[in-house]
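First comes the structure, then the notes that go with it.
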Amino acid sequence: MQESFNQAYPKLLQPNIAIAGLWLAHGDEPLLQQWLIDGMRPHWRAQNYAIKRIELISIKTWQEVLSELSSQSLFDDASALIVTGNHKPDKAIIAELERFAVDAQTGAHSHSLLWLTPKQDKRSQSSKWFALFTQYGHIIDCNLYDERQRQQLLQVQAQQFGLRLSLDAWQLLMSHTEHHLLSAYQTLWRLSYLFAPQLAALNCEQPNDKNENATVKEVALDITDLQAALVSDAQFSVFDLSDAMLAGNSQQVAKIIFQLKATDEPTTLVLWAIAKDMRLVMALMDGQDAQGLGIWRSKQGQYSQACRRQSTAQTAQWPNLLYRCDQAIKGLIRQPAWELLLQAALELSGKRLFPV
């Protein structure tokens, strides 16, 4: 059976799943493979498994794996082997693994084998050893192919932490962490200590192994909560910057930008605020409805005022400017990121450093 990580992982968080037999997890995202182990470990512990790791130094190491699986312990009910390495089993080993898998399915033993490998290409997936895991075991694709899958997975982790983020909060989180899975997960962990400390402590002590009878009450977070948690020690926040840009107060915009820079405010957070307002202004000038765009009624007047200061020729330059800001933040161009962020913020406020 083949599944994506997003399909398999939530099942591992449920109690009383069958974990005996063959498991193969292939992918180039180490964090997903570690989460898979974390998801299986509580089940191994609950069923008194002896957990051991074996690294495949060569194809001969498979004999050590088979020997370990066939051994009996006086103190443990079964063995759980975490095997790493990319040495493929030969014909004889495949035959032994098939017998192992069939015996697991019939209940002759409860041993569990989890093999972690790099991402397997189509040629490898058509091989006999891969077909063995497809027919008799579980194959989990530990790769994320788009941002939708990344957010779906992080939503599961947020739920584990007792958090529920609004759509705007998710967009800010992904932008702030530059769509990096580990950074986003670490941010969720920090948020859980701020907003759901009791559940965070439980996760820290026994990750993925919470009391089944415990009632988890999710804490709802909106963009204001998230921004307040991410903001540094600056006197101003990116919300203050937004108000100044929309009001056309270029002096205040420059003051806030310099203050944010001095206090090491994340450039990704500043770019997110500028880009959000620029895109909303462009959408309004394109004839879209303010309410349909999700603009609060109390802010609609500010956006209308910002639209009156712009022309189509001027806003046509904004996507390229935002792209250059993103390149500068990532170090792909030599121009300082804060210099471009100031230019973009002033553009939105109606103050142009360079004529169109």
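Specify which of the listed residues (Gln259, Gln300, Gln288) is surrounded by fewer than 17 Cβ atoms within 10 Å (Cβ to Cβ) and in contact with a Phe, Trp or Tyr (Cβ under 7 Å, 6 or more places away or on another chain). Quick ask: steps written out before the conclusion?
Details: Gln300 fails: in contact with a Phe, Trp or Tyr (Cβ under 7 Å, 6 or more places away or on another chain); Gln288 fails: in contact with a Phe, Trp or Tyr (Cβ under 7 Å, 6 or more places away or on another chain).
After ruling out the rest, the residue left standing is Gln259.
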request  = Would you point out the residue of region 169-190, among those that are among the polar types (S, T, N, Q) and in contact with a Ser or Thr (Cβ under 7 Å, 6 or more places away or on another chain), that is surrounded by the fewest Cβ atoms within 10 Å (Cβ to Cβ)?
outcome  = Ser183
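Given the condition over 30 Å from Gln160 (Cβ atoms), free of Cβ contacts under 8 Å to residues at least 24 places away in the same chain, touching a strand residue (DSSP E or B) at 6+ places or on another chain (Cβ under 7 Å) and not assigned by TED's automatic domain parsing to the domain that holds Gln151, answer yes or no: does some residue in region 90-105 qualify? Write out each step before concluding.
Quick first cut of region 90-105, residues over 30 Å from Gln160 (Cβ atoms) only: 90-103, 105.
Narrowing further to those that are free of Cβ contacts under 8 Å to residues at least 24 places away in the same chain: 92, 95, 99, 103.
Imposing the further condition that a residue be touching a strand residue (DSSP E or B) at 6+ places or on another chain (Cβ under 7 Å) reduces the set to none.
Among the residues of region 90-105, not one is over 30 Å from Gln160 (Cβ atoms), free of Cβ contacts under 8 Å to residues at least 24 places away in the same chain, touching a strand residue (DSSP E or B) at 6+ places or on another chain (Cβ under 7 Å) and not assigned by TED's automatic domain parsing to the domain that holds Gln151, which makes the answer no.
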inquiry  = Pull out all pairs, ordered by first then second residue, where Cβ-Cβ is under 7 Å, the residues are six or more apart or on different chains, the first lies in region 333-354 and is without any contact (Cβ under 8 Å) to a residue 24 or more places away in the chain, and the second is in a loop (DSSP other than H, G, I, E, B).
reply    = Gln343/Leu353
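Residues that are among the aliphatic types (A, V, I, L, M): find the strands (runs of 3 or more DSSP E) completely inside region 1-86 holding 2 or more of those.
In region 1-86, the matching strands (runs of 3 or more DSSP E) lie at 21-26, 49-55, 78-84.
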inquiry  = Restricting to region 59-72, count the residues that are farther than 15 Å from Ile94 by Cα and surrounded by 15 or more Cβ atoms within 10 Å (Cβ to Cβ).
reply    = 1
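Checking the condition outside the structural domain of Leu167 (by TED's automatic domain parsing) and either farther than 23 Å from Asp168 by Cα or over 29 Å from the mean Cα position of the chain (by Cα) (or both), which residue from Trp296, Trp318, Trp272, Trp338 passes? So that I can check it myself, show each step before the final result.
Details: Trp296 fails: either farther than 23 Å from Asp168 by Cα or over 29 Å from the mean Cα position of the chain (by Cα) (or both); Trp318 fails: either farther than 23 Å from Asp168 by Cα or over 29 Å from the mean Cα position of the chain (by Cα) (or both); Trp272 fails: either farther than 23 Å from Asp168 by Cα or over 29 Å from the mean Cα position of the chain (by Cα) (or both).
Every option except Trp338 fails the conditions.
Could you pull out the residue among Leu56, Leu13 that is modelled with pLDDT of 90 or more and either more than 15 Å from Gly137 (Cα to Cα) or surrounded by 13 or more Cβ atoms within 10 Å (Cβ to Cβ) (or both)? Reasoning before the result, please.
On the way: Leu13 fails: modelled with pLDDT of 90 or more.
Matching residue, one of Leu56, Leu13: Leu56.
Just name the residue that is nearest to Leu154 (Cα to Cα) out of those in region 26-40 that are surrounded by 20 or more Cβ atoms within 10 Å (Cβ to Cβ) and of a type outside the set (Phe, Trp, Tyr).
Looking only at region 26-40, we keep the residues that are surrounded by 20 or more Cβ atoms within 10 Å (Cβ to Cβ), and these are 26-27, 32-33, 35-36, 39-40.
When the remaining residues are screened for being of a type outside the set (Phe, Trp, Tyr), the result is 26-27, 32-33, 36, 39-40.
Numbers: His26: 20, Gly27: 18, Leu32: 11, Gln33: 15, Leu36: 14, Gly39: 15, Met40: 18 Å.
Only one residue tops the list, namely Leu32.
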inquiry  = Between a residue in region 289-300 that is under 12 Å from Leu246 (Cβ atoms) and any residue that is surrounded by 14 or more Cβ atoms within 10 Å (Cβ to Cβ) and at pLDDT 85 or above, which pairs come within a Cβ distance under 7 Å, given they are 6 or more apart or on different chains?
reply    = Ile295/Leu280; Ile295/Tyr303; Gln300/Ala290
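The values are calculated or read from the model by the stated rules, or taken from the named source; none is laboratory data. None of the values given here were measured: they were computed from a predicted structure. So basically every Cβ, Gly included, is an ideal-geometry build from the backbone, and we count neighbours across all protein chains shown.
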